[in-house]
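Below is one structure, written out as structure tokens, with a few remarks after it.
The values are calculated or read from the model by the stated rules, or taken from the named source; none is laboratory data. Nothing here was measured: the structure is a model prediction, and the numbers come from that model. Because the Cβ atoms are built from the backbone with ideal geometry, glycine has one as well, and the counts that use them run over all protein chains shown. The protein model used for the area step is the full one, side chains on, heavy atoms only, and it has no ligands, DNA or RNA in it. Shrake-Rupley method; radii C 1.70, N 1.55, O 1.52, S 1.80 Å.
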Amino acid sequence: MKKKGFIRNLSVTLLMACIGLMILSPIVITFTNSFMTEHEIQGNYGLVGKMPVVTPGEPDVFVNLKLIPDWLSFEQYGSVLLETPTYLFMLWNSVAMVVAIIAGQTIVSALAAYAFAKLRFKGREKWFRVYLMTMLMPFQVTLVPNYIIADKLRLMNTAGAIILPGIFAAFGVFMLRQFMLSIPYALVEAAQMDGAGHYRIFYRIMLPLMKPGIAALIVLLFVDYWNMVEQPLIFLEDSFKQPLSLYLSRIHKDAQGIGFAASLIYMTPMVLLFLYAESYFIEGIQMSGIKG
């Protein structure tokens, strides 16, 4: 029995290790290749997206997927940060949009979640289910109504067409409401007996207790909207108003040599945010009852 258990544990460990390597390999390759020179990248990946010419008698030519650069170089990073103003401009577009969406949705979601979780009013659960239905609809279903509304409000080709729908998305309300349900209602009753109103209860009691849930929400929202593609592609016609997530797909055509460094810089904010808020993120997910 012990031998069978050891073999089973070893098999599971090896399987998990293989899956982990498969997931991490693109990140590792991106990191190591970002320190290659442009000449080396062109030599290794110059055939990507091109139809190779086959000459009789000549050896076949393949893409050379390298892990370790021949020479350590920061040439790519210098090109991205100092010689590619479009990249920095698109990066600023992404930061402005994502920060505005996260700030707005966090405020709206916290207030709405408090109302749905702690206030007692008629039809509360029914209204919450109706509100929740908007979260279950895929983006393609709400695309046409959002497009019409943005056009009527003259928000087309502006950041407002991306920010406003993001602020009033239902996911944050659902997540923070589930988190608030884990907070005893006795705290609200005790504060009301002391003469506290709903504003004071929310600001002094609920908001400090909601920090793990808010941190988890911020991480999830950042990952979602930092990588958004469909919304800016449809609502923003001007390429200079689009976020970095769209420009990143075109950077390989403009300058293939800086693609790895640009990709690594793009993913760095998400990694740093997760590492900073990891403990809050895990606690918030556990207390909100959301399962992956």
### Query
Is it the case that VAL219 is closer than 20 Å to SER263 by Cβ and at pLDDT 85 or above?
no
### Query
Quick one: ALA216 ticks every box in (1) closer than 16 Å to SER109 by Cα; (2) in contact with a Pro (Cβ under 7 Å, 6 or more places away or on another chain) bar one, so which box is it?
(2)
#### Entry: Extreme residue, modelled with the lowest pLDDT, among residues of segment 49-82 that are surrounded by fewer than 11 Cβ atoms within 10 Å (Cβ to Cβ) and closer than 19 Å to LEU248 by Cβ
GLY49
### Task
With respect to LEU153, determine if the residue is out of contact with any Ser or Thr (no Cβ under 7 Å at 6 or more places or on another chain) and free of Cβ contacts under 8 Å to residues at least 24 places away in the same chain.
yes
### Residue that is modelled with the highest pLDDT, among those in segment 233-244 that are in a helix (DSSP H, G or I) and buried (at least 21 other Cβ atoms within 10 Å of the Cβ)
PHE235
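Within segment 148-183, work out how many residues are hydroxyl-bearing (Ser, Thr, Tyr) and either buried (at least 19 other Cβ atoms within 10 Å of the Cβ) or at pLDDT below 90 (or both).
Number of matching residues: 1.
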### Query
Which residue pairs have Cβ atoms closer than 9 Å, lie 6 or more positions apart in sequence or on different chains, and pair a first residue in segment 209-227 that is crowded, with 18+ Cβ neighbours inside 10 Å with a second residue that is among the acidic types (Asp, Glu) and not in a loop (DSSP other than H, G, I, E, B)?
PRO212/GLU283; GLY213/GLU283; ALA215/GLU283; ALA216/GLU283; VAL219/GLU278
### Query
Are any of the residues in segment 184-203 touching a residue at least 40 places away in the same chain (Cβ under 8 Å), under 31 Å from the mean Cα position of the chain (by Cα) and open to solvent by 50 Å² or more (accessible area, probe 1.4 Å)?
no
